[in-house]
Amino acid sequence: MSPSNFDLFSDQAMAESVPSSAAALPQLRAQNLRDLLHHHAHAYYTLDAPELPDAEYDRLFRELQALEDLHPELLTPDSPTQRTGGAVLAAFQQVTHRVPMLSIRTETDNEASGAEAFDTRIRKELGLVPTEPPVVYVAELKFDGLAMSLRYEAGLLVQAATRGDGETGEEVTANIRTIQQIPLRLPADAPAVLEVRGEVYMRRDDFEALNERQRQRIASGTKGEKTFVNPRNAAAGAVRQLDSGIAAERPLSFFAYGLGDMTPSNEGGPTWTTHYAMLMQLKAWGFPVAQQTSRVHGASGLVAFHQRIAVERDALPYDIDGVVYKVDDLALQTRLGFVTREPRWAVAHKYPAQEEMTTVLAIDVQVGRTGKLTPVAKLKPVFVGGVTVTNATLHNELEARRKDVRVGDTVIVRRAGDVIPEVVSVVLERRPPDAQQFTMPAHCPVCASLAEREEGDADHRCTGGLFCSAQRKQAIWHFAHRRAMDVDGLGDKLVDQLVDAGHVKTLADLYHLKLETLSGMDRMADKSAVNLLEALEKSKTTTLGRFLFSLGIRHVGEATAKELARHFGQLDAVMAASEDALLQVADVGPVVAHSIRSFFDQVHHREVVQALRDAGVSWAEGEALAPTEMPLAGITVVLTGTLQSMSRDEAKEKLEALGAKVAGSVSKKTHYVVAGAEAGSKLDKAQALGVPLLGDEGLLLLLAGQKP
Ligand code: IVH
């Protein structure tokens, strides 16, 4: 549609003024309504810039429908009412493509290097010497849908055909009419015959909504319904529907990327000489063209596009499986020609697939530090999103049931960006008949203690506590952590061995380890054993905050542990505190208070604490100190960059011991920003907000209780 056509619709009054004459001139009103609806559908679906409330659009639509019902002779093939589908075919007609639908040479490529190889090839074919300017290319997205050829004669959509084998496809016009983004009629300046080639696809949100509807249908017992594996499959299914009414319920979208057959109108031939100009003309005629489509120069331009799209990919509302590079100049395209069925002037570079199919070999249940039982799908190894995936967490029983993943199932696994791999869905058609629904075992798979799920909690937990070797191992890893007791050299593998061999049953056993025992462990040099004993000895001198954190009480993180130490001052006071008393501590709510109380109510936890003290673990016990009595109470500090006098962790610990709050980001409420070498954006932000800046000296003054 040309802009001059749009002017007709800009006058809101028109929509109201015409009905009065409509009774006399239904034909005019029908034409007028079609124009209005075309215009607004284009604004809504293609330009993404609606100009009319949905209800108003619906009203105009119903008016046209009523008019056409009353006067069937007024119905035209380009009427928006023809998009709703209805026709049911016995079979699709074959269509011979007047210009064959080619495919593109496709290379799977992680890096941008493929772009350089393509450019080198093109320059060689064209006989360009290095001193000649870079070749101009159009870089496009490689949409993950299905190729479609749309034929317009005298401006009207007369045929839509699938690619088929490239020579012959299937006629799917009735289904394609339901795609709101596809113009049913072209403006007057369009060629007499025009075939637009492009991709029919389904947006991810439309796909999710469709699958949700399908799930509801299946749940309500509708026969023959199924969910779709991915948007491309759903799109292909919709396009190949013999019942166009069903196709209309499955929202499809379209992007144009090329041309097929064309006969110029009487006014003359095409006005473009480049691929890019042609795409812009298609856009002007109302076809969606992806906004990322770029004209770039030489290999470096292609590389930059490849990298930019790799980053943007996950945020796109639809799937792409790569990028396509095309020589822009149509005369050069002609010179380059074809090899068999592929043009020499184009190449596709695929990204590694983000979704793959594989099978579930087993569902294991893993035991976490606090006893949480996590079902994990063990997968037949599959390469997806650039890595080999063998495991995917199913989170908990509810989630495993919701997805209904079973051993033996074929599943779709997704890994996008750096996100942890997940099972997206099960391919139900491939489920073995004897596959059993997953249920959480009644007992811990490691220690056989009862597995329980508290009300309101999604997770099952092993009730074995530190009797459970899986929990014990993780409790020991946690205990030794740098931010807990800070035992250097006590790694995961060693803990596994020590627990499995029965050398460490409780945390306190760590402090009774003998050199001979340690040296006897796998891959343990004498020197490492000595170092570990030293590290254990050193760890005995600690702070109450670290000690409380190291016990691994559920819901008690580092900050809460420090707060408890500050509030109560002494371990015995913490251990004796009632839930009410615990609630007085900053950041402690009912769940945390309950968790602390029940931890210390267990005899064997109290025994572990005593055994640790007996082994020599100690800290300076203080008086209970209300936070407001501390020298830096109420002061918020942000640390950034590398300090000379101490590490950031040390500075944090010292500041907090004096009652300061050490925050992660700068705001108007920050009192000081301590900036060391190579401080970045936090420094900029502090300057922008006018927050006082301190260096090493200022920090030391602050720690000495002086105003910097
Ligand atoms: S151009 C002569 N451009 O990829 C070149 N194809 O083998 C004809 N595809 O299934 C195709 N995005 O449907 C071209 N921007 C794009 C594309 C694209 C996706 C599909 C196409 C066909 C395959 C090409």
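The values are calculated or read from the model by the stated rules, or taken from the named source; none is laboratory data. The structure presented is a predicted model; accordingly, all values stated were derived computationally and were not measured. Cβ atoms come from the backbone with ideal geometry, glycine included; neighbour counts cover every protein chain shown. Note: areas computed on protein heavy atoms with side chains; ligands, DNA, RNA excluded. Shrake-Rupley method; radii C 1.70, N 1.55, O 1.52, S 1.80 Å.
Only residues that are of a type in the set (D, E, K, R), in contact with a strand residue (DSSP E or B) (Cβ under 8 Å, 6 or more places away or on another chain) and either under 30 Å from residue 312 (Cβ atoms) or at pLDDT below 95 (or both) were counted across the stretch 409-453, and they come to 7. Just one of the numbered conditions (1) surrounded by fewer than 20 Cβ atoms within 10 Å (Cβ to Cβ); (2) under 13 Å from residue 287 (Cβ atoms) is not true of residue 166: (2). Among residues of the stretch 82-118 being within 16 Å of the ligand (Cβ to nearest atom) and open to solvent by 90 Å² or more (accessible area, probe 1.4 Å), the one that is farthest from residue 311 (Cα to Cα) is 98.
Yes/no matrix, rows are residues, columns are (1) under 43 Å from the mean Cα position of the chain (by Cα); (2) over 20 Å from residue 559 (Cβ atoms); (3) of a type in the set (A, V, I, L, M):
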site: 614; (1), (2), (3): no, yes, no
site: 618; (1), (2), (3): no, yes, no
site: 639; (1), (2), (3): yes, no, yes
site: 648; (1), (2), (3): yes, no, no
site: 658; (1), (2), (3): yes, no, yes
site: 663; (1), (2), (3): yes, no, yes
site: 678; (1), (2), (3): yes, yes, no
site: 692; (1), (2), (3): yes, yes, no
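When residue 365 is tested against (1) buried (at least 18 other Cβ atoms within 10 Å of the Cβ); (2) within 16 Å of the ligand (Cβ to nearest atom); (3) not in a helix (DSSP H, G or I), exactly one condition is not met: (2).
Where helices (runs of 4 or more DSSP H) sit wholly within the stretch 545-646, those with at least 2 residues that are buried (at least 17 other Cβ atoms within 10 Å of the Cβ) occupy 558-568, 571-576, 590-601, 603-614.
Output the residue which, of all residues in the stretch 176-206 that are of a type in the set (Lys, Arg) and more than 19 Å from residue 247 (Cα to Cα), is modelled with the highest pLDDT. Outline the logic, then answer.
Filtering the stretch 176-206 for residues of a type in the set (Lys, Arg) gives 177, 185, 197, 203-204.
Narrowing further to those that are more than 19 Å from residue 247 (Cα to Cα): 185, 197.
On the way: 185: 94, 197: 98.
The residue in question is 197.
Exactly one residue out of 63, 16 is modelled with pLDDT under 90, farther than 26 Å from residue 148 by Cβ and open to solvent by 40 Å² or more (accessible area, probe 1.4 Å), and it is 16.
Of a type in the set (A, V, I, L, M) and touching a Leu at 6+ places or on another chain (Cβ under 9 Å) - does that describe any residue in the stretch 297-304?
Looking only at the stretch 297-304, we keep the residues that are of a type in the set (A, V, I, L, M), and these are 299, 302-304.
If we keep only those that are touching a Leu at 6+ places or on another chain (Cβ under 9 Å) as well, we get none.
No: zero hits.
Looking at residue 260, is it touching a His at 6+ places or on another chain (Cβ under 7 Å), under 30 Å from residue 226 (Cα atoms) and either within 16 Å of the ligand (Cβ to nearest atom) or open to solvent by less than 10 Å² (accessible area, probe 1.4 Å) (or both)? No.
What about residue 461, is it crowded, with 17+ Cβ neighbours inside 10 Å, out of contact with any helix residue (DSSP H, G or I) (no Cβ under 9 Å at 6 or more places or on another chain) and within 22 Å of residue 599 (Cα to Cα)?
Numbers: crowded, with 17+ Cβ neighbours inside 10 Å: yes; out of contact with any helix residue (DSSP H, G or I) (no Cβ under 9 Å at 6 or more places or on another chain): yes; within 22 Å of residue 599 (Cα to Cα): yes.
Yes; evaluated as a whole, the condition is true for this residue.
Can you find, within the stretch 119-147, the residue that is nearest to the ligand (Cβ to nearest atom) among those that are over 22 Å from residue 255 (Cβ atoms) and crowded, with 19+ Cβ neighbours inside 10 Å? Checking each candidate, the answer is 122.
Which residues, taken from the stretch 335-362, are among the polar types (S, T, N, Q) and within 13 Å of the ligand (Cβ to nearest atom)? Show your work before the answer.
Taking the stretch 335-362 first, the residues among the polar types (S, T, N, Q) are 340, 354, 358-359.
Answer for the stretch 335-362, where residues must be among the polar types (S, T, N, Q) and within 13 Å of the ligand (Cβ to nearest atom): just 340.
Cβ-Cβ contacts under 6 Å between residues 6 or more apart (or on different chains), taken from a first residue in the stretch 383-411 that is surrounded by 17 or more Cβ atoms within 10 Å (Cβ to Cβ) to a second residue that is assigned to a helix (DSSP H, G or I), are listed as 394/400; 410/430.
For the stretch 193-232, filtering for residues that are open to solvent by less than 30 Å² (accessible area, probe 1.4 Å) and among the charged types (D, E, K, R) leaves 3.
How about the stretch 312-332: which of its residues are open to solvent by 20 Å² or more (accessible area, probe 1.4 Å) and within 13 Å of the ligand (Cβ to nearest atom)? Those that are open to solvent by 20 Å² or more (accessible area, probe 1.4 Å) and within 13 Å of the ligand (Cβ to nearest atom): 319, 321, 330. Scanning the stretch 346-362 for residues that are aliphatic (A, V, I, L, M) and either free of Cβ contacts under 8 Å to residues at least 24 places away in the same chain or open to solvent by 20 Å² or more (accessible area, probe 1.4 Å) (or both) turns up 353, 357, 361, 362.
Could you list, in sequence order, the residues of the stretch 245-270 that are of a type in the set (Val, Ile, Thr) and under 27 Å from the mean Cα position of the chain (by Cα)? Spell out how you get there, then give the answer.
Of all residues in the stretch 245-270, those of a type in the set (Val, Ile, Thr) come to 246, 263.
Listed by number, the list is empty, since nothing qualifies.
Take the conditions open to solvent by less than 30 Å² (accessible area, probe 1.4 Å), out of contact with any strand residue (DSSP E or B) (no Cβ under 7 Å at 6 or more places or on another chain) and hydrophobic (A, V, I, L, M, F, W, C) and apply them to residue 336. Does it pass?
Taking the combined requirement at face value, the residue does not satisfy it.
The residue of the stretch 275-291 that is farthest from residue 330 (Cα to Cα), among those that are in contact (Cβ under 8 Å) with a residue 60 or more places away in the chain and open to solvent by 20 Å² or more (accessible area, probe 1.4 Å), is 284. Filtering the stretch 148-163 down to residues that are closer than 21 Å to residue 242 by Cβ and either surrounded by fewer than 16 Cβ atoms within 10 Å (Cβ to Cβ) or not polar (S, T, N, Q) (or both), which residue is farthest from the chain's Cα centre (by Cα)? Among those that are closer than 21 Å to residue 242 by Cβ and either surrounded by fewer than 16 Cβ atoms within 10 Å (Cβ to Cβ) or not polar (S, T, N, Q) (or both), it is 158. Residue under question is residue 245, and the condition is that it be more than 19 Å from residue 426 (Cα to Cα), away from the ligand (no atom under 16 Å from the Cβ), open to solvent by less than 40 Å² (accessible area, probe 1.4 Å) and assigned to a helix (DSSP H, G or I); does it hold? The answer is yes for residue 245. Give the residues of the stretch 207-234 that are among the hydrophobic types (A, V, I, L, M, F, W, C) and either within 22 Å of the chain's Cα centre (by Cα) or assigned to a loop (DSSP other than H, G, I, E, B) (or both), sorted by residue number. The answer is 207, 209, 210, 228, 229, 234.
In the stretch 651-690, what count of residues is obtained for those that are assigned to a strand (DSSP E or B) and surrounded by fewer than 18 Cβ atoms within 10 Å (Cβ to Cβ)? Full working, then the answer.
Within the stretch 651-690, the first condition is being assigned to a strand (DSSP E or B), and the residues that meet it are 661-663, 672-675, 677.
Now narrow it down to the ones that are surrounded by fewer than 18 Cβ atoms within 10 Å (Cβ to Cβ): 663, 677.
Going through the stretch 651-690 one residue at a time, the tally reaches 2.
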